[in-house]
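> The structure under discussion is supplied below as C-alpha cells; questions concerning it will follow.
The values are calculated or read from the model by the stated rules, or taken from the named source; none is laboratory data. Here the structure is a predicted model, which is why all the values come from computation and not from measurement. Please note: Cβ atoms are built from the backbone with ideal geometry, for glycine as well, and neighbour counts cover all protein chains shown. Calculation scope for accessible area: heavy atoms of the full protein, side chains included, ligands and nucleic acids excluded. Shrake-Rupley method; radii C 1.70, N 1.55, O 1.52, S 1.80 Å.
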Amino acid sequence: MSGGSYYVPATSRWPILGSLALGVMMVGTGMKLVYDTGLPVAFVGLIGVIAVMGLWFRDVVIESQGGLYDAQMDRSFRWGMGWFIFSEVMFFAAFFGALFYVRMFAVPWLGGEGAKGVSGLLWPDFVAHWPLLNPPDAAVAGPQQVFSPWQLPLVNTLILITSSITLTIAHEALKEGYRKTCRNWLAGTVLLGICFIFIQGVEYYEAYAHYGITLEAGIFGATFFILTGFHGVHVIVGTLILAVILMRIHKGHFAHENHFGFEASCWYWHFVDVVWVGLFIFVYVL
Amino acid sequence: MAPKLPPQPPLQHSTTAVADGQAHGHAAPPKGILRWLLTTNHKEIGSLYLIFSLIMFFIGGIFALVVRAELFQPGLQLVNPEFFNQMTTMHGLIMVFAAVMPAFTGLANWMIPLQIGAPDMALPRLNNFSFWLLPVAFTLLLSTLLMPGGGPNFGWTFYAPLSTTYAPPSTTFFILALHIAGISSILGAINIVATILNMRAPGMRLMDMPLFVWTWLITAFLLIAVMPVLAGVITMMLMDINFGTSFFDAAGGGDPVLFQHLFWFFGHPEVYIMILPAFGIVSAIIPTFARKPLFGYASMVYAVAAIALLSFLVWAHHMFVVGLPLAAELFFMYTTMLIAVPTGVKVFNWVTTLFRGSISFESPMLFALAFVVLFTIGGFSGLMLAIAPADFQYHDTYFVVAHFHYVLVPGAIFAIMAGVYYWLPKWTGHYPNERLAQWHFWFSVIGVNLTFFPMHFAGLAGMPRRIPDYALQFADFNFVSSVGAFFFGTSQLLFVLVIVLCVRGGKKAPAKAWEGAVDLEWTVPSPAPLHTFETPPVFQRASH
C-alpha cells in the first residue's frame with residue numbers, strides 16, 4: 001500500500017542509451033551472422049549494454065545507500081525480481097519442452113511408432129534410440145558417444161549444490177551480523193561458480209574433441225548445447241552478480257535486516273542451481 | 001502500513017496534495033526532445049506508447065492495403081508474389097507486436113496508476129526502457145524489407161522450415177528484432193504486475209480494482225509466461241539457420257511440428273494478451289454509459305482468469321491438420337470449446353449491465369457496443385473453427401482470416417479506440433469532437449464489416465489465405481473486401497484528426513468527464529497533472 005514517500009526518479013539517460021546499445025549489438029550480431037562482417041559493431045553494442053547496466057545499477061545502489069527507498073520500494077523490487085525469475089523459468093521450459101517432445105514423440109515417430117506412422121516412411125531404415133547417435137539421414141553425423149553422467153557432470157552437480165549451501169550460510173551470517181563470515185562464504189560461492197564454469201569448459205572441449213557432440217550432431221547435439229549453453233551463460237552471469245555483491249559486502253553495504261540486493265542474487269543463484277538439477281537428470285542421466 | 005526506512009531526505013517528490021498539479025517542488029522536466037527521451041513519468045511514457053502504436057497502425061495498415069489492392073481482382077496486377085508474401089507477413093507482425101500490444105501497454109501506463117491511486121509505475125526507469133526498445137526493434141524489423149532477398153515472407157507465424165531452410169537471409173535480423181520486442185514486453189509486464197500488486201491506494205483490495213486493472217494483471221502474467229517461450233523458439237530458429245542444429249529438421253532427428261507446438265504455446269496466450277485488456281476497457285465503458293454498476297463484477301474477474309488459464313491448454317487447435325494423434329485432436333478440441341463458457345459469461349454480463357440502464361450513445365459507448373456485437377461474431381466463428389473435423393475444411397482458408405480479424409479489428413482495435421475516446425478528456429482536458437468521432441465510428445463499423453464479412457464466404461468456398469492470385473469464383477467477395485479495406489483505412493485518418501483536434505482544444509472537460517464514471521481516475525483534474533496521487537488517496541469502496 002502506498003505510503004506517500006515512494007521514490008520516483010526524475011529522469012534517467014540509461015534506458016534510452018541501453019536500448020540503443022542493445023540495438024547496435026543486435027545489428028552487429030546480425031551482420032556477423034548473415035554477411036560475416038560487423039563483429040566490431042556487435043562488440044561496441046555489447047560494451048554499451050554492459051556499461052549502461054553497470055551505470056544504471058550504480059545509480060540504484062547510490063539511491064539505496066542514500067536511504068531513498070522505503071519498504072514499498074523494497075516490495076516493488078521483490079515482485080520485479082520474482083517475476084523476472086519466473087520469465088527465466090519459462091525460457092528454460094521451452095528448451096526442456098523441446099527435449100521432451102523430441103524424446104517422447106519426434107524420434108519414436110521417425111522410427112515408425114505411433115498411430116500415424118507417416119514420418120516413419122521418410123527413413124525406413126531408421127531405428128529410434130536415445131541418445132540419438134545415428135540421426136535418420138546419413139548426411140547428419142551423430143555423436144560418437146555421450147558423456148557418462150557419473151564423471152564431470154556429477155562433479156559439477158556437487159559443486160553447484162554445495163555452492164547453494166555456502167551461499168545460504170553466507171546469507172545467514174549476514175542476517176546475524178557476522179560480516180566477515182558472510183564475506184568468506186560468499187567468496188567461496190564465487191569460487192565454486194568459477195570451478196563450475198571451468199569444468200563446463202573442459203566438458204565442451206571434450207565434446208568437440210573426442211565425443212563428436214557438436215551443434216551439427218543432430219538433435220542430441222542441438223538440445224545438449226542449447227540447454228547446457230544457456231545454463232552456462234546463466235552461471236556466468238550469476239557468478240558476476242555474486243562477485244559484485246561480494247565487493248559491496250567488502251565496502252560495507254547491506255544492513256543485516258535489509259539487503260534485498262543480496263537476497264535477489266541468492267534467488268537467482270538458487271534458480272540456476274535448480275535448472276542444473278533438471279539438466280543433470282534429463283540431459284545426462286536419463 | 002509498512003514501516004519507513006531511514007528518515008526521509010528531502011526528495012524532489014515530496015508529499016503534497018493531489019490537485020495542485022505541477023505547482024509544487026518538482027524539478028522542471030528537461031526541455032525539448034530530451035524530456036521525451038529521458039522521461040520516467042507514466043503519463044509521458046503512456047503517450048509515447050500510444051503515439052508509437054498509432055504510427056505503426058498506419059504502417060501495418062498500408063501493408064494490408066497493398067495486399068487488398070493486389071486481391072482486388074484475380075490475376076497478378078500490382079506486386080509480385082514474393083513481395084505479396086512479405087506484405088502479409090509484415091502486416092501481421094507489425095499489427096500484433098507494434099500496434100495492438102503497445103497500444104494496450106500505453107493505456108496501461110496511463111490508466112493503471114490513475115485507477116489504483118499510485119504516484120507512478122513501480123519501476124519508472126524500467127518503464128522508459130521498455131518503451132524505447134520498441135522503436136529500436138521495429139526499425140530493425142522494417143529495415144529487413146530493404147535487405148537483399150527481401151524481408152520475412154513466411155507469414156506472421158513463421159513456421160519452420162519456411163522460416164529456416166527456405167527463408168531469406170534477413171530472417172536473422174527478424175529474429176533479433178523480435179528478441180528486442182520480447183524483452184520490452186517482458187519488462188513492461190513485470191512492471192505492471194509490480195505496480196498492481198504493490199502500489200494500490202490504501203484500502204483498495206484486489207477485488208476492488210477496476211476491471212481494466214484486473215485484465216491487465218492477468219495479461220501481464222500471460223506475457224511473462226509466454227514471451228520467454230517465443231524467445232526460446234526464435235533462438236532455436238537462429239541456431240538452425242546459423243549454427244547447423246537440427247531442432248526443426250527431421251533429417252537430424254528434430255521435427256518441424258516441434259516449431260508449431262512451441263510457437264502456438266506462445267501464440268495462443270498471445271491472442272488473449274491482445275483481447276483481455278479490451279475486455280477491461282469495455283467493462284469500464286458500458287457501466288459508465290448505461291449508468292449502472294457492472295453486472296457480475298466477481299464473475300467477470302473469474303472469467304478472465306479462467307480464459308487465461310485455459311489459454312495454456314488449447315494451443316494445438318491451430319494444428320489440427322498437421323498430423324496430431326487422435327487423442328490430441330480431441331483434447332484440444334474440447335478445451336478450446338470450454339473457452340466459450342467464460343467468454344459467454346462476459347458477454348452475458350455486458351448485456352445484462354445494459355438491461356434497463358439509462359443508456360446514452362457517446363462515441364466511446366458506440367465503439368464498446370460494436371465491440372460486444374462484432375467480437376461475439378468472431379467468437380462464434382472461433383467456436384466453429386474449434387471443431388476439429390470441421391477445421392479440416394476451414395483450415396488455412398479465408399474463414400480463418402475472417403475469424404481472427406473479427407476478434408482483432410472490431411475486437412481489440414475498437415476497444416482501443418473506445419478507450420482513447422473515453423480517456424481523451426482525462427489526458428487532454430478536452431472532449432473529443434463528438435460529431436467527427438461518430439462519423440469515425442460509423443465509417444469504421446461499416447468498413448470493418450465490408451472488409452471482413454465476405455471473407456467468411458470466400459473461406460467457406462475454399463479460398464486459401466496468403467495467396468496473391470485466386471480462382472474466378474472468389475472475385476466478387478474479394479472485390480467487396482478490397483473496397484471495404486480502403487474505406488476502413490481511409491476513415492482512420494478521421495481518428496487522427498479527432499485526436500489532433502482534441503489535443504489542441506475543444507470543449508473543456510471537468511474532472512469527472514462522464515456522468516456515470518466512477519473509478520479513481522475521474523477524481524483528478526482534467527487534464528491530469530504530470531504528477532498525481534503523490535499522497536495516496538483514501539479509497540472509497542463503491543458498490544461494484
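> Where does the protein assembly as shown land on the Kirkwood hydrodynamic radius, alpha-carbon pairs, in angstrom?
On the way: mean 1/r = 0.0353 Å⁻¹.
One over the average 1/r among Cα pairs gives 28.3 Å for the protein assembly as shown.
> If each DSSP helix of 4+ residues adds -39,500 (n - 2.57) and the sum is divided by the residues in chain A, what number results at 222 nm, nearest 500 deg cm²/dmol? Please list the in-between numbers first.
Details: 8 runs with 190 residues, N = 286.
Roughly -23500 deg cm²/dmol at 222 nm, from the helical runs in chain A.
> Between region B:421-449 and region B:190-265, what is the C-alpha centre distance in whole Å?
33 Å
> Right, another one. With the dipole of the protein assembly as shown worked out from charges on the C-beta (+1 for Lys and Arg, -1 for Asp and Glu) around the Cα centre, which of A:Gly221, B:Ala194, B:Ile33 lies farthest toward the positive end?
Result: B:Ile33, furthest along the dipole toward the positive end.
> Now a separate question. Computed over the Cα atoms of chain B, what is the convex hull's projected area averaged over all directions, in nm²? Kindly include the intermediate steps, with their values, before the conclusion.
Values: hull surface 103.6 nm².
Dividing the Cα hull surface by four gives the mean projection, 25.9 nm².
> Please work out the FRET efficiency for the pair A:Lys180 and A:Trp267, using the Cβ-Cβ distance as r and a Förster radius of 22 Å; give the result to the nearest 0.05. Let's see the in-between values first.
Details: r = 24 Å, r/R0 = 1.08.
My answer for the efficiency is 0.40.
> Based on the Cα atoms of region A:1-69, what semi-axes does the equivalent ellipsoid have, where each is the square root of 5 times one gyration tensor eigenvalue, given in whole Å with the largest first? Present the calculation step by step, with values, prior to reporting the outcome.
Details: eigenvalues 246, 25, 11 Å².
Semi-axes (√(5λ), whole Å): 35, 11, 7.
> Spin-label point model (7 Å from Cα, Cβ direction): what's the A:Gln144 to A:Val44 distance in nm?
4.4 nm
> Also, quick follow-up: Under a point-charge model restricted to the Cβ atoms of Lys and Arg (+1) and Asp and Glu (-1), what is the dipole moment magnitude of chain B relative to its Cα centre, in debye to the nearest 20?
Numbers: 21 positive and 21 negative charges, 327 e Å.
Charge dipole, chain B, about its Cα centre: 1580 debye, nearest 20.
> State the answer as a single residue: which of A:Gly232, A:Ala255, A:Phe271 lies farthest towards the positive end of the charge dipole of chain A, with beta carbon charges of +1 for Lys and Arg and -1 for Asp and Glu, about the Cα centre.
Among A:Gly232, A:Ala255, A:Phe271, the one farthest towards the positive end of the dipole of chain A is A:Ala255.
> Another one. In this model, which of A:Lys251/B:Lys31; A:Lys32/A:Lys251; B:Lys292/B:Lys426; B:Lys346/B:Lys508 are farther than 30 Å apart at the alpha-carbon?
Numbers: A:Lys251/B:Lys31 38 Å; A:Lys32/A:Lys251 41 Å; B:Lys292/B:Lys426 21 Å; B:Lys346/B:Lys508 34 Å.
In this structure, A:Lys251/B:Lys31; A:Lys32/A:Lys251; B:Lys346/B:Lys508 lie more than 30 Å apart at Cα.
> Could I ask something else about it? Normalised by the number of residues in chain B, what is the relative contact order in percent for Cα pairs under 8 Å and 6+ residues apart? Don't skip to the end; give the middle numbers.
Values: 903 pairs, mean separation 104.7, N = 544.
Relative contact order here is 19 percent.
> Would you mind putting B:93-103, A:12-22, A:75-85 in packing order, based on average other-beta-carbon counts within 10 Å, highest first?
Numbers: B:93-103: 25.6, A:12-22: 21.9, A:75-85: 18.8.
Top to bottom by mean Cβ count within 10 Å: B:93-103, A:12-22, A:75-85.
> Continuing with this model, one more query. Can you tell me which of B:404-412, A:244-252 comes out highest on packing, and rank the rest after it, using the mean Cβ neighbours within 10 Å?
B:404-412, A:244-252
> Return the FRET efficiency for the residue pair A:Phe100, A:Ile62: r is the Cβ-Cβ distance, R0 is 30 Å, and the value is rounded to the nearest 0.05. Could the numbers behind the result be given before it?
Numbers: r = 45 Å, r/R0 = 1.52.
With R0 = 30 Å, the Cβ-Cβ based efficiency is 0.10.
> May I ask you to give the percent of accessible area on the protein assembly as shown that is carbon plus sulfur, with a probe radius of 1.4 Å? All intermediate terms of the calculation are to be shown ahead of the outcome.
Values: 22480 of 31460 Å².
Carbon and sulfur: 71 percent of the exposed surface of the protein assembly as shown.
> Using only atoms on other chains, find how many Cβ atoms lie within 10 Å of each Cβ of peptide A:99-112 and report the average. Please list the in-between numbers first.
Working: counts 0, 0, 6, 6, 1, 0, 6, 9, 4, 0, 5, 5, 1, 0.
Shielding by partners across A:99-112 averages 3.
> Which whole-number percentage describes the relative contact order of region A:23-62, with Cα contacts under 8 Å and a sequence gap of 6 or more?
On the way: 31 pairs, mean separation 14.3, N = 40.
Computed value for region A:23-62: 36 percent relative contact order.
> Counting Lys and Arg as +1 and Asp and Glu as -1, each charge on the Cβ, what is the dipole of the protein assembly as shown about the Cα centre in debye, to the nearest 20?
Details: 34 positive and 38 negative charges, 471 e Å.
Dipole magnitude for the protein assembly as shown comes out near 2260 debye.
> Quick one: accessible area per residue over region B:61-130, 1.4 Å probe, rounded to a whole number of Å²? Working shown, then result.
Working: 1600 Å² over 70 residues.
Per residue, region B:61-130 has 23 Å² of solvent-accessible surface.
> Right, here's the next one. Treat each spin label as a single point 7 Å out from the Cα along the C-beta direction, and report the A:Gln151 to B:Lys507 distance in nm.
In this crude label model, A:Gln151 to B:Lys507 measures out at 8.2 nm.
> Then there's this: With every protein chain kept in place and ligands, DNA and RNA left out, what is the accessible area per residue of region A:16-92? Probe 1.4 Å, answer in Å².
Values: 3580 Å² over 77 residues.
That works out to 47 Å² per residue.
> At 0.36 nm per residue, and after removing the present C-alpha to C-alpha distance, how many nm does the segment from B:Gln438 to B:Ala328 gain when stretched out fully?
Numbers: separation 110, 0.36 × 110 = 39.60 nm, distance 4.70 nm.
Extra length available between B:Gln438 and B:Ala328 comes to 34.9 nm.
> Still on this structure, please answer the following. Can you give the calculated 222 nm mean residue ellipticity of chain B, where each DSSP H run of n ≥ 4 adds -39,500 (n - 2.57) and the sum is split over every residue, rounded to the nearest 500 deg cm²/dmol?
Numbers: 18 runs with 332 residues, N = 544.
Helix contribution divided over all residues of chain B: -20500 deg cm²/dmol.
> Provide the solvent-accessible area of B:Leu162, counting protein heavy atoms only and rolling a 1.4 Å probe, rounded to the nearest 10 Å².
Counting only protein heavy atoms, the figure is 90 Å².
> Based only on Cα atoms, what mean projected area does the convex hull of chain A have, in nm²? The partial results should precede the final answer.
Numbers: hull surface 77.1 nm².
So the mean shadow area of the Cα hull is 19.3 nm².
> I want to check the label-to-label distance for A:Tyr208 and B:Val483. Put each point 7 Å from Cα in the C-beta direction and report it in nm to one decimal.
6.4 nm
> Could you report region B:317-427's accessible area per residue, 1.4 Å probe, as an integer in Å²? Could you put the intermediate results ahead of the total?
Details: 3910 Å² over 111 residues.
Averaged over the residues of region B:317-427, the accessible area is 35 Å².
> Which residue, A:Ala207, A:Ala51, A:Ala243, has the most motion in a Gaussian network model of chain A that connects Cα atoms within less than 10 Å?
A:Ala51
> Can I ask one more? Ignoring ligands and nucleic acids, what accessible area does B:Thr164 show with a 1.4 Å probe (Å², nearest 10)?
Accessible area of B:Thr164: about 20 Å².
> Compute for chains A and B the buried accessible surface, both sides summed, probe 1.4 Å, and express it in Å² to the nearest 100. Working shown, then result.
Details: alone 16380 and 21830 Å², together 31460 Å².
When A and B are taken together, about 6800 Å² of accessible area is lost.
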